[in-house]
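What follows is a short report on a single structure.
Read the figures in this text as sums done on the coordinates, not as results from a lab. Quick caveat: nothing in here was measured; it's all calculated off a predicted structure. Cβ: placed from backbone, ideal geometry, glycine included. Neighbour counts: every protein chain shown.
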Amino acid sequence: MACPVGRLGTVQTRDERSIFGRLESEAPGSVTVRDAAGQSHTILRVDMKSITAATSSLMPVGLDQTMSSQDLADLIAYLKRLQQP
């Protein structure tokens with residue numbers, strides 16, 4: 001699999017759709033991706049053309065330069081909490 005569970009990636013389907021989001025789960029016959037709107041998409045593997053891991057962050061370039069040190073520390077702490085089970 002070119003995109004591990006929990007990572008951001010893009011699924012290209014055979015009908016030319018492109019679904020970008022966080023890979024939530026994978027099964028022998030399908031993968032589930034949650035997009036930025038929070039919608040979950042389950043795509044059958046037979047309908048997939050490819051899946052690739054994202055090479056960049058969703059955070060806009062330079063956003064950290066507009067934040068105070070405390071705001072950036074708070075953001076990092078929040079994101080770390082999201083990763084905990």
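Can you tell me which residue in segment 19-40 is farthest from LEU82 (Cα to Cα), limited to those that are over 13 Å from the mean Cα position of the chain (by Cα) and small (Gly, Ala, Ser)?
GLY29
All conditions in (1) under 27 Å from VAL11 (Cα atoms); (2) surrounded by fewer than 12 Cβ atoms within 10 Å (Cβ to Cβ); (3) not basic (Lys, Arg) hold for ALA73, with the sole exception of (1).
For ILE43, the conditions (1) among the aliphatic types (A, V, I, L, M); (2) more than 11 Å from the chain's Cα centre (by Cα); (3) surrounded by 12 or more Cβ atoms within 10 Å (Cβ to Cβ); (4) part of a loop (DSSP other than H, G, I, E, B) are fulfilled apart from (4).
Of all residues in segment 14-25, those being crowded, with 16+ Cβ neighbours inside 10 Å and of a type outside the set (A, V, I, L, M, F, W, C) number 2. With the structure loaded, tell me whether GLN70 is without any contact (Cβ under 8 Å) to a residue 60 or more places away in the chain and within 17 Å of the chain's Cα centre (by Cα) or whether it fails that test. Answer is no for this residue. Here is the figure for segment 26-40: residues that are of a type in the set (S, T, N, Q), surrounded by fewer than 11 Cβ atoms within 10 Å (Cβ to Cβ) and in contact with a helix residue (DSSP H, G or I) (Cβ under 8 Å, 6 or more places away or on another chain) total 0.
Taken over segment 58-70, the criterion of being assigned to a loop (DSSP other than H, G, I, E, B) and farther than 17 Å from VAL11 by Cα is satisfied by MET59, PRO60, VAL61, GLY62, MET67, SER68.
How many of the residues making up segment 1-40 are of a type in the set (Lys, Arg) and outside any strand (DSSP E or B)? Give the derivation first.
Looking only at segment 1-40, we keep the residues that are of a type in the set (Lys, Arg), and these are 7, 14, 17, 22, 34.
Filter once more, so that each one left must be outside any strand (DSSP E or B): 7, 14, 17.
Qualifying residue count for the region: 3.
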